[in-house]
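Student: Structure incoming, see below.
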Amino acid sequence: MDYLIIVEKTETGYSSYSPDILGCVSTGRTRKEVEKNMLEAIEFHLDGLRIEGYEIPKSHSYATYAKVPT
C-alpha cells in the first residue's frame, strides 16, 4: 500500500509524517535519509499494529499544488 509522506525542512535537517498513520513520524539530516527513516518507521508502526490486533489504516490522503500567479 502507498502512504503519503509529508517532508518538511527544519533548522537541523528534515522531518516527516504520514497523515494516514497517526503518530508515525521520523527525522533525518538529508532528504534521502528522512525518506529511508520514514519508510522504516511506517513498517515498524504497521508491524506493531498487526501484533496488537489493530486494523491497518487505509491510505486516503493526497497532495496537490495550487498554481498562484506571481
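Quick note: the coordinates plus some simple rules give every number you see, no bench work behind them. No experiment lies behind these values; they were computed from the predicted model shown. Here the Cβ is made from the backbone with ideal geometry for all residues, glycine too, and neighbour counts use every protein chain on show.
Student: Please verify whether the range 3-15 includes one or more residues that are without any contact (Cβ under 8 Å) to a residue 24 or more places away in the chain, within 10 Å of the chain's Cα centre (by Cα) and not in a loop (DSSP other than H, G, I, E, B).
Tutor: yes
Student: Given the conditions (1) in contact (Cβ under 8 Å) with a residue 24 or more places away in the chain; (2) surrounded by 10 or more Cβ atoms within 10 Å (Cβ to Cβ); (3) basic (Lys, Arg), which single one is not true for Lys58?
Tutor: Condition not satisfied by Lys58: (2).
Student: Here is a follow-up. Given (1) of a type in the set (A, V, I, L, M, F, W, C); (2) in contact (Cβ under 8 Å) with a residue 40 or more places away in the chain; (3) assigned to a strand (DSSP E or B), where does Ala63 come up short, assuming only one miss?
Tutor: Unmet condition: (3).
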